[in-house]
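Okay, structure first, notes after.
The values are calculated or read from the model by the stated rules, or taken from the named source; none is laboratory data. From a predicted model like this one, the values you see are computed outputs, not experimental measurements. Cβ coordinates were reconstructed from backbone atoms using ideal geometry, including for glycine residues, and neighbour counts include every protein chain displayed. Side chains included, ligands, DNA and RNA excluded: accessible areas come from the protein's heavy atoms. Shrake-Rupley method; radii C 1.70, N 1.55, O 1.52, S 1.80 Å.
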Amino acid sequence: KYMETDFLKNQLIEEENMRKFLSLLLVCGLATLCLAGCASKTSSLAEQMFSFDGADDYYKNVEDHYTLNYDEMIYDDFTQGIDKDRWVIGDSVWDQWGTDQNGVRPQNVFLLDDSDSEAHLLLRANGEFYSGAPLSSQIDGYKTGAAISTVEALGPGRYEIRMKPMPRLGALTSMWLFSWFEQNDGSVQQNEIDIEIGIQPNFDLVSFTTWTSPDTNTNRNVEMDYMVNDGNWHTYSFDWVTDAEIPYVDYFVDGKLVYTSTANVPTTNATLSIGIWVPCWAGGGEADSNNISNGSRMFDSDYAEISWFRYIPFSMGNWEQRPVTNRPSDATFEPTLLTKMPVVNKAANGDFEQPDESYEHGDGVTTQYVYPWMEYMTDTEDTTAIVQDPDNSANHVAQVNGDQLFGQWLRGSGNGYTYRLTGRYKATNGASAQFSYSRVIGYATTSGSAGMVQLPIGDSTTWTEFDITFTVNNRDESSLTKSIRYYLDNGTDTGTVYFDDISLVYLGLNAA
């Protein structure tokens with residue numbers, strides 16, 4: 001992988017040198033000797049870089065529109081780590097008091113060397129259900145994200161990233177250009193060009209924003225023909241053009257032009273960031289009068305997966321180069337290298353070992369833990385709760401009595417999404433363990449349901465493991481599933497079922 005990266009960049013530089021040499025040959029009247037062969041080389045290189053299934057001609061033929069500066073190209077697939085000469089690892093909080101979050105932290109940045117995965121860089125987001133170890137003596141990790149930013153401020157050009165966004169609502173995955181500085185009159189100038197996933201409570205959308213301060217931005221939510229959290233790889237790109245009569249930004253998804261912004265387009269250099277953060281409004285959350293928003297980030301931890309990033313400058317004018325200050329970072333931090341892609345349990349507190357609404361990590365850091373398991377059908381007298389294991393008082397389990405349901409939300413789960421559910425159970429007094437889920441038409445907790453699916457597990461009276469694979473299906477095309485609400489259930493509505501070690505893992509689209 002390392003050799004391929006260097007080889008491609010060297011090819012690009014050699015190609016630029018070849019074009020310069022051709023110009024000299026034309027002056028000497030000798031170009032006809034090699035012109036055909038050299039043109040063939042140029043075409044094959046462009047095909048390698050910009051041509052893939054679905055890419056339109058406008059995207060592929062970028063060299064017909066702009067002069068590309070290959071000498072200053074940045075291409076990074078992170079197989080050699082985080083290059084500290086190129087990137088800084090974010091360690092800061094912005095908009096803290098209006099967004100109820102704890103910023104981006106270096107401990108949420110990981111490298112991956114797994115031959116079974118195309119991902120090389122992982123950015124972790126921790127939500128309201130985070131129960132992991134603290135990130136430091138000050139930060140427990142609750143409501144934190146991750147980001148890396150270029151050391152240098154960049155100018156107009158083509159920006160591309162191949163990634164899988166963080167798949168849970170309440171986290172915002174983004175590639176963005178940002179600059180912030182004071183003008184001569186003392187006012188603050190803020191510029192941005194953004195590709196963002198997760199702003200709206202709708203995984204059918206990708207958001208594109210151009211912004212020039214003080215408070216002027218243009219945002220467009222563009223509908224995709226797939227749910228962007230489906231676990232498949234996609235390439236997100238934009239061309240930033242400053243030398244047109246009206247500066248503009250072309251936005252692409254998988255090489256298809258999806259939106260062009262001609263309003264509020266910056267013309268000042270900016271640092272490029274790749275990141276994920278968890279403001280309370282992401283995914284449609286709303287804060288209360290204290291800027292607290294429980295229920296908008298209904299997950300423990302999950303990841304954005306990055307394969308590679310590329311920037312090719314356009315040789316053009318009408319833009320300003322000026323000093324730009326990066327946000328605070330940790331220059332000494334070295335990301336953990338993982339050899340296997342982490343298996344993410346979509347069920348928060350699946351081992352039921354966090355029975356309280358707050359807990360202490362052991363070093364004095366306390367998290368106000370939001371309770372992820374909810375009791376349903378509470379109009380009955382039966383009690384469902386997290387209790388001590390009848391066979392082991394040191395262990396906690398879920399207790400489901402009678403016709404009670406014990407469940408969680410999984411917002412953003414579409415038709416064809418396949419999961420593996422594992423765990424263990426014990427049924428008593430005529431009970432029968434069952435797993436159920438409602439197909440929800442939307443992302444909000446008030447959204448309507450398209451019906452319940454029930455999957456029997458068993459009626460063993462001793463602790464027994466179970467393993468179920470299921471695929472979410474629409475009941476009909478008029479009621480498309482966008483989320484599921486899943487339950488630990490009792491199929492007989494009598495007696496008690498105990499559950500423990502619940503794991504719900506996403507396998508992929510129609511992976512069964």
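In the stretch 142-225, Rg over Rh equals 0.99, where Rg is the alpha-carbon radius of gyration and Rh the Kirkwood radius from pairwise Cα distances. With bins 10 Å wide beginning at 0, the percent of Cα pairs of the stretch 389-428 falling in each bin runs 18, 40, 31, 11, 0.
Using 0.36 nm per residue and subtracting the Cα-Cα separation, the extra length available between Asp113 and Gln454 on full extension is 118.9 nm.
Dividing the convex hull volume of the alpha-carbon atoms in the stretch 423-481 by its residue count gives 103 Å³ per residue.
With an a/c value of 1.5 or above and a/b not larger than b/c for the gyration tensor axes a ≥ b ≥ c computed over the alpha-carbon atoms, the stretch 109-187 is described as oblate. Relative to the globular-protein estimate of 2.2 N^0.38 Å, the Cα radius of gyration of the stretch 65-141 stands at 1.46. Taking every protein chain into account, the 1.4 Å probe leaves Thr235 with about 10 Å² of accessible area, to the nearest ten. Seen from Trp176, the other residues with C-beta closer than 13 Å to its C-beta sum to a net charge of -2, counting Lys and Arg as +1 and Asp and Glu as -1. With each label modelled as a point 7 angstrom along the Cα→C-beta vector, the Tyr75-Met341 pair spans 2.3 nm. Given a 1.4 Å probe and the protein chains as shown, Leu177 ends up with an accessible area of around 0 Å².
Positive-end ranking of Asn232, Ser261, Ser179 along the dipole of the stretch 177-294, with charges on Cβ about the Cα centre, is headed by Asn232. When Rg and the Kirkwood Rh are both derived from Cα coordinates, the Rg/Rh ratio for the stretch 147-281 amounts to 0.96. One chain, two ends: Thr216 and Val151. Fully extended at 0.36 nm per residue, the span grows by 20.8 nm beyond their Cα-Cα distance.
A crude spin-label estimate for the pair Tyr376 and Glu286, with each label 7 Å from Cα along the Cβ direction, gives 2.4 nm. With each label modelled as a point 7 angstrom along the Cα→C-beta vector, the Asp391-Leu257 pair spans 6.5 nm. With R₀ fixed at 22 Å, the C-beta to C-beta distance from Asp85 to Gln48 puts the FRET efficiency at about 0.25.
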